[in-house]
Structures are given as structure tokens and as C-alpha cells.
Amino acid sequence: KLLLNLMLVAGECAQRDASISAEVVPEKPQIKISITGGRSKLRDDVRTGFDPKLGVDAMTVRNVIAWNSRRLAEGLGLHLTVVEDGQTSVELSVN
């Protein structure tokens, strides 16, 4: 579920000629999804879903997948990290 949710978020980030790659290490567990090229960046309304202080009343169809991803990671005792350069790459990591 977590990988699928993160891939949906990655799809929102990938624009034009961007590419998405995923690395999964089940033994650790660890997931790393990289979105590179084109204009790869998180939309502001998607980014809000990763905010742990986001209330239910602030959820939208755009940020609910990010919110659910964060909650799934927490439920597994894992930490979700989002790193972006603002224009050409986004990395979603869970470990």
C-alpha cells in the first residue's frame, strides 16, 4: 500500500519528460522513489499532505494520498522523507 501511494504522489510530481525510478529493499525495509528531469516538483497542495499537523478539515483530493502515505509509514514505525530541489528532482524515501 505504501509503495503504491508513493508512486501516485510521484506521478503527480512528474511532468513533461520526467522519469520515475523506485528502489525497494524489503529486508530493511526501505523505499526510495526518485523523480528526475523535466519540471519535477511537488505541487503545493500535494506537499501539505506530508505535514503531520494537517487536520482532517484541510484534506483535499490532492493531498490525501500524501497524508495517507505518511500515516502508513508511521504505522509501520518508519520515517518518510521528501527532498526536492524545487525544479528538476524530487526524492521520496522511507526507512
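The values are calculated or read from the model by the stated rules, or taken from the named source; none is laboratory data. The shown structure was predicted, so the numbers you read here are calculated from the model rather than taken from an experiment. We place every Cβ from the backbone using ideal geometry, glycine too, and count neighbours over all the protein chains shown. Remember, those area values only see protein heavy atoms, side chains included, never the ligands or the DNA or RNA. Shrake-Rupley method; radii C 1.70, N 1.55, O 1.52, S 1.80 Å.
Ranking of 3, 92 by solvent-accessible surface, largest first: 3, 92 (1.4 Å probe, protein heavy atoms only, all chains present). A cut-off under 11 angstrom between Cβ atoms defines the neighbours of residue 21, and their net charge, with Lys, Arg +1 and Asp, Glu -1, is -1. In the chain, a dipole from Cβ-located charges (positive for Lys and Arg, negative for Asp and Glu) runs towards its positive end, and of 80, 56, 24 it is 56 whose Cα lies farthest in that direction.
Bridgeable aspartates and glutamates around residue 41 (alpha carbons under 13 Å apart, same-chain partners fewer than 8 residues away excluded): 12, 17, 84, 85, 91.
Over the chain, what is the relative contact order in percent, taking alpha-carbon pairs closer than 8 angstrom and at least six residues apart? Walk me through the numbers on the way to the answer.
Details: 172 pairs, mean separation 31.4, N = 95.
Dividing the mean separation by the residue count of the chain yields 33 percent.
What's the local net charge at residue 32, with K and R +1, D and E -1, over the other residues with C-beta under 15 Å away?
Working: positive: 28; negative: 23, 27, 84, 91.
It works out to a net charge of -3.
Ignoring lysines fewer than eight residues from residue 1 along the same chain, the ones with Cα atoms less than 20 angstrom from its Cα are 28, 32.
DSSP loop (so not H, G, I, E, B), at most 11 other Cβ within 10 Å: list which trypsin sites (Lys or Arg not before Pro) in the stretch 2-83 pass both filters. Please report the intermediate quantities before stating the final value.
Values: sites: 16, 32, 39, 41, 43, 47, 53, 62, 70, 71; in loops: 16, 39, 41, 43, 53, 62.
Answer by residue number: 16, 53.
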